[in-house]
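These notes concern the structure reproduced below.
Here, each number is a calculation from the coordinates, and none is a lab measurement. Here the structure is a predicted model, which means the values were calculated and not measured. Cβ: placed from backbone, ideal geometry, glycine included. Neighbour counts: every protein chain shown.
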Amino acid sequence: MKNDLQLLWQPAIIFPTITVISWLAMLAVLFGSWYTSGEPRYVSEEDTQTIAFISDIGAQNLKPVFIACSTLAMSTYLPTIALYFYFLSPTHPHTGNRKSSPLSTLTRIGIPFLSSFFSLIGAVALILLTIFDTARFGVVHRRLLPASILSHILGCSLLCGWTFIRLHQHRQNTSLNGPGGILSGDKFTVELYALAPIPISMASLVIKSIVVAFEFGLVVLFATMTWWLKTFDTAAVMEWTVVLMFAGYMACQAVDMWMIIRTQNARIEVENEEPPIGIAI
């Protein structure tokens, strides 16, 4: 299975990198334009509002940048999710387990499908809300906003939960099967026949999980302050924070993909080496 790695390792690293760069570039341009223009008030802002929402700025002359950067970020975000599930799938030859488990169908098909489905809905809703801006299409924009945010959070939550399940499955199989290989004094020949490691940083997974949890809490506060308390400035700060945290989530995803490719590339190189003669254990 060397060909799939050769074809996919570059996109697996490049896609999340493009997502982070385009997302941060969009935020920097929008905020920089608003701040350097003297923090103007836009027609879509509320009477008591002094801090602009991202959508308020994106509905003005920078709308093409808003649409282009959001579309680029989402069009690279979705393939990143698909590649992540592919490389860590229980059926993948370099990270999967040969033996089935009670959760095999759920982890192989169910959770990845739901996570990808919600991520797709969130991405499409985000692109549409940049097109149907808050200044000209207020009703449509306000309906697309919660659909985008909640779908993204659901997709990210399922991805993190699925990764924890995969790590647990791998540890169970490792404890049941144990390592095996050729006794030759070379540690790599023993690892050659052991269960493949899950090439994911636990620190990165924990950070992503914390980010998703904080995003959910901030979104609840954002909805409360926007629709009930009418404290729009605080809600605007919450919105900017949530959007920045998504960039941090994708940065962790980029680190994960880099680790996956590096680990699998090293493993393939070991497998392609001629094993030394020894005694099987």
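So here's what we get for this one:
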quantity	calculated
Formal net charge of residues neighbouring Leu221 (Cβ-Cβ distance under 12 Å; K, R +1; D, E -1)	-2
Rough spin-label spacing in nm, given labels placed 7 Å along Cα→Cβ, for Phe31 and Ile207	1.8 nm
Net charge over other residues, Cβ less than 15 angstrom from the Cβ of Asp56 (K, R count +1; D, E count -1)	-3
Whole-Hz couplings from phi, Karplus 6.51/-1.76/1.60, listed for the range 247-252; x for Gly and Pro	4, x, 4, 5, 5, 5
Theoretical FRET efficiency, 1/(1+(r/R0)^6), r = Cβ-Cβ of Ile14 and Tyr42, R0 35 Å, to 0.05	0.50
Integer Hz, Karplus 6.51/-1.76/1.60 couplings in order for the range 210-227, x for Gly and Pro	5, 4, 5, 5, 5, 4, 4, x, 5, 5, 4, 5, 4, 5, 5, 6, 7, 9
Virtual spin-label span in nm between Leu120 and Met259, 7 Å along Cα→Cβ	2.9 nm
Percent breakdown of C-alpha pair distances by 10 Å bin, ordered from the shortest bin, for the range 26-83	22, 43, 22, 10, 1
Neighbour-count order for Trp34, Trp228, fewest beta carbons within 10 angstrom listed first	Trp228, Trp34
